[in-house]
Amino acid sequence: MNTVTNADLHCHSNVSDGTLSPEEVAERASRNGVELWALTDHDEVGGQHRAHAAAAALGMAYLPGVEISVSFANKTVHIVGLGFDPDDPAIMQGLADTRGGRERRARDMAADLARVGIPGAFEGALKYVGNPDLISRTHFARYLVEIGVCGDPHEVFKRYLTEGKPGFVEHRWANLSDAVKWIVGAGGVAVVAHPGRYDFTPNEEYALFSEFKAHGGQGVEVVTGSHTVAEYAKYADLACEFDLLASRGSDFHDPSESHTDLGTLPNLPGKVTPVWEALAPRVLHP
Ligand code: AMP
Ligand code: MN
Ligand code: MN
Ligand code: MN
């Protein structure tokens, strides 16, 4: 397992806000040379058995995965879980609780959008939803592009779905301590996803990693589709400083929307320890 370099341990299927099925994501990962794969749908493990079966059929090693939405310092932080038991009752219940409230939030978002002249966004977003429990801002973004309000999903987020913009609704997600506890309790490793994306002050970032470690968190994404090359170096340094394992993942959602395809990122810098070395006993071999 230590010879793996092309691990892609962060991506989405239509079980959350991706557009491809778990089987199609597996096929694309395998075609792109991924040697070890994890499907990490938001707040949901409903695709895990399909993903594992598809990986096995393609001869690709697999790690169970999830990306949990957490509220920390008035922002949303994502925690990736890897190598846990996806049938563990506590993580399943915790994720069900985290998903709860998404529909209410979506209705409030739609009401907000209606006030700025965009009616019918709830029904419109719903057309893009694969899993009714998991209506997300991404589905609204696709609908707003469809009706020509914006040219692409990124523009939708900039103009509508982010803090201070119409269509943004404050939401309380899981606690950091609970998310880490669910993952670790189910035998996995918790990883801070794309830390470069949160716009934290240095103090807030320090607090995030200190608390994360204190709760039993062990990893950080270093090479991700959400980071610049400078951020690969910054978070490799942080991994060493906080003694964290390093992860690598594209955060792929869709062939045309995602700028980073599965398995195409640079390798992890040599100075860090890949999270998959620590997870070797949890890897599901084909
Ligand atoms: P939600 O969990 O409903 O708040 O939606 C979060 C998802 O929105 C993320 O996982 C991304 O897939 C997507 N997203 C967030 N910000 C952006 C952005 N600026 N451009 C495109 N997609 C984004
Ligand atoms: Mn997403
Ligand atoms: Mn994320
Ligand atoms: Mn993601």
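The values are calculated or read from the model by the stated rules, or taken from the named source; none is laboratory data. Quick caveat, the model's predicted, so the values are computed rather than measured. Heads up, the Cβs are rebuilt from the backbone with ideal geometry, glycines too, and the neighbour counts pull from every protein chain shown. Heads up: the accessible areas ignore ligands, DNA and RNA and are worked out on the full protein's heavy atoms, side chains in. Shrake-Rupley method; radii C 1.70, N 1.55, O 1.52, S 1.80 Å.
At 10 °C and 1.306 mPa s, grab the translational diffusion coefficient of region 136-286 from Stokes-Einstein with a Kirkwood Rh over Cα pairs, rounded to a whole number in µm² per second.
92 µm²/s
For the chain, what is the percent of antiparallel DSSP beta bridges, rounded to the nearest 5?
Close to 45 percent.
So how far apart, in nm, are the two label points at residue 133 and residue 177 if each is 7 Å from Cα heading toward Cβ?
2.6 nm
Under the Kirkwood approximation applied to all pairs of distinct alpha-carbon atoms, what is the hydrodynamic radius of the chain in Å?
With all distinct Cα pairs of the chain included, I get 18.9 Å.
Can you find, among 111, 124, 150, the residue farthest towards the positive end of the dipole of region 102-159? Put +1 on the C-beta of Lys and Arg, -1 on that of Asp and Glu.
In region 102-159, that residue is 111.
Restricting to DSSP H runs of at least four residues, report the calculated mean residue ellipticity at 222 nm for the chain, -39500 (n - 2.57) per run over all residues, nearest 500 deg cm²/dmol.
It lands at -10500 deg cm²/dmol.
Output needed for region 76-195: three equivalent-ellipsoid semi-axes, defined as square roots of 5 times the C-alpha gyration tensor eigenvalues, in descending order, whole Å.
The answer is 31, 14, 13 Å, longest axis first.
Can you send over the solvent-accessible area of residue 108, 1.4 Å probe, protein chains only, in Å² to the nearest 10?
Around 60 Å² of this residue is reachable by solvent.
Hey, what's the per residue convex hull volume over the C-alpha atoms of region 75-116, in cubic angstrom?
Once divided by residue count, the hull of region 75-116 is 92 Å³.
Take the eigenvalues of the Cα gyration tensor for region 16-147, scale each by 5, and report the square roots as semi-axes in whole Å, largest first.
Working through the eigenvalues yields semi-axes of 29, 18, 12 Å.
At a threshold of 8 angstrom on Cα-Cα distance, excluding pairs fewer than six apart, so keeping six or more, what relative contact order does region 70-226 reach in percent?
About 33 percent, as a whole number.
Name the residues whose placed amide hydrogens come within less than 5 Å of the amide hydrogen of residue 61, ignoring near sequence neighbours (fewer than 5 apart) on the same chain.
37
Report the Stokes-Einstein translational diffusion coefficient (µm² s⁻¹, integer) for region 102-159, Rh taken as the Kirkwood radius over Cα pairs, at 4 °C with viscosity 1.567 mPa s.
Calculated translational D: 116 µm²/s.
Give 165/234; 181/271; 75/234 a once-over and call out the pairs whose C-alpha atoms are over 23 Å from each other.
Violating the 23 Å limit, Cα to Cα: 165/234; 181/271.
Rounded to the nearest 10 Å², what accessible area does residue 155 show when all protein chains are kept and the probe is 1.4 Å?
We get 60 Å² for residue 155.
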